[in-house]
Amino acid sequence: MIIVLTCTAVFVAVGFAFLYNRLIARRQMTNNGWADIDVQLKRRADLVPQLVSVVQGYAAHERDLFAEIAEKRTKALNAGDDPAMRGERETAFARPVGRLLALSEGYPELKASENFLGLQSQLADTENKIEMARRFYNGAVRELNTAVETFPSNLIAGVAGVSRRSFFEIGAGDEAAPQIKLATP
């Protein structure tokens, strides 16, 4: 009888440890994914003022657009780690950036500028990295949320302090993301 109770207690302890470690690993994977998104969003936010600076030399009369970009950039950077708020603010930031990039169509000398082309290329690369990081993060969130909601790990999640996370979405479709077309000289 004691052997059965001991085996049962060991089995329960090992099961608890396994589920606990699985939840913590998934939470860490989610944290890692969010950190990757944050890095890429900050990289984009750092590239945009350089792009604005180059465009200002060719289209100085677009002051309202430049001011809007500065305002939305600040709000996006101050949104913190709440995926819903961050996504909303990044969407708002992406819209004027898209209009900034579209300005090049009206300025052939800007479109041919090496600085502009280089920054545009870096921004396109960063947008791709943001998308990859978002997919990774959302996959990690899906795995974490599934583990938090399914039996028996849902019993351990409360004890471990692991809870559901929100997915990270930027915008509602193509209207939000800046459309970056690499200009050719």
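The values are calculated or read from the model by the stated rules, or taken from the named source; none is laboratory data. Predicted, not measured: the structure shown is a model, and the values here were computed from it. All Cβ positions, even for glycine, are placed from backbone atoms using ideal geometry, and neighbour counts span all protein chains on display.
Applying the condition of being of a type in the set (A, V, I, L, M) and touching a residue at least 40 places away in the same chain (Cβ under 8 Å) to the stretch 62-101 and asking which residue is farthest from ARG44 (Cα to Cα) yields ALA84. So for the stretch 7-18 (the condition being free of Cβ contacts under 8 Å to residues at least 60 places away in the same chain and either surrounded by 13 or more Cβ atoms within 10 Å (Cβ to Cβ) or in a loop (DSSP other than H, G, I, E, B) (or both)), does at least one residue qualify? Scanning the stretch 7-18 turns up no residue that is free of Cβ contacts under 8 Å to residues at least 60 places away in the same chain and either surrounded by 13 or more Cβ atoms within 10 Å (Cβ to Cβ) or in a loop (DSSP other than H, G, I, E, B) (or both). The single condition from (1) farther than 25 Å from LEU77 by Cβ; (2) touching a helix residue (DSSP H, G or I) at 6+ places or on another chain (Cβ under 6 Å); (3) surrounded by fewer than 17 Cβ atoms within 10 Å (Cβ to Cβ) that GLN50 fails is (1). Of all residues in the stretch 82-121, count the ones that are crowded, with 20+ Cβ neighbours inside 10 Å and among the β-branched types (Val, Ile, Thr). Qualifying residue count for the region: 1. Criterion applied to ASN154, ASN115 was being at pLDDT below 95, polar (S, T, N, Q) and over 23 Å from LEU65 (Cα atoms), and the one residue passing it is ASN154.
For GLN50, the stated conditions do not hold, so it cannot be described as touching a residue at least 60 places away in the same chain (Cβ under 8 Å) and under 18 Å from TYR137 (Cα atoms). Cβ-Cβ contacts under 8 Å between residues 6 or more apart (or on different chains), taken from a first residue in the stretch 135-156 that is touching a residue at least 40 places away in the same chain (Cβ under 8 Å) to a second residue that is part of a loop (DSSP other than H, G, I, E, B) and loosely packed, with under 14 Cβ neighbours inside 10 Å, are listed as LEU144/ARG164; VAL148/SER163; VAL148/ARG164. Among the residues of the stretch 19-72, just one is touching an Asp or Glu at 6+ places or on another chain (Cβ under 9 Å) and outside any helix (DSSP H, G or I), namely TYR58.
You will find that of GLN40, GLN56, the residue that is at pLDDT 95 or above and either more than 20 Å from GLU131 (Cβ to Cβ) or crowded, with 17+ Cβ neighbours inside 10 Å (or both) is GLN40 and no other.
Once the stretch 157-177 is narrowed to residues that are assigned to a loop (DSSP other than H, G, I, E, B) and modelled with pLDDT under 90, the residue that is farthest from ASN21 (Cα to Cα) is GLU175. Examine the stretch 112-119 for a residue that is closer than 13 Å to ALA45 by Cα, under 24 Å from the mean Cα position of the chain (by Cα) and hydrophobic (A, V, I, L, M, F, W, C), and state whether such a residue exists. Among the residues of the stretch 112-119, at least one is closer than 13 Å to ALA45 by Cα, under 24 Å from the mean Cα position of the chain (by Cα) and hydrophobic (A, V, I, L, M, F, W, C), which makes the answer yes.
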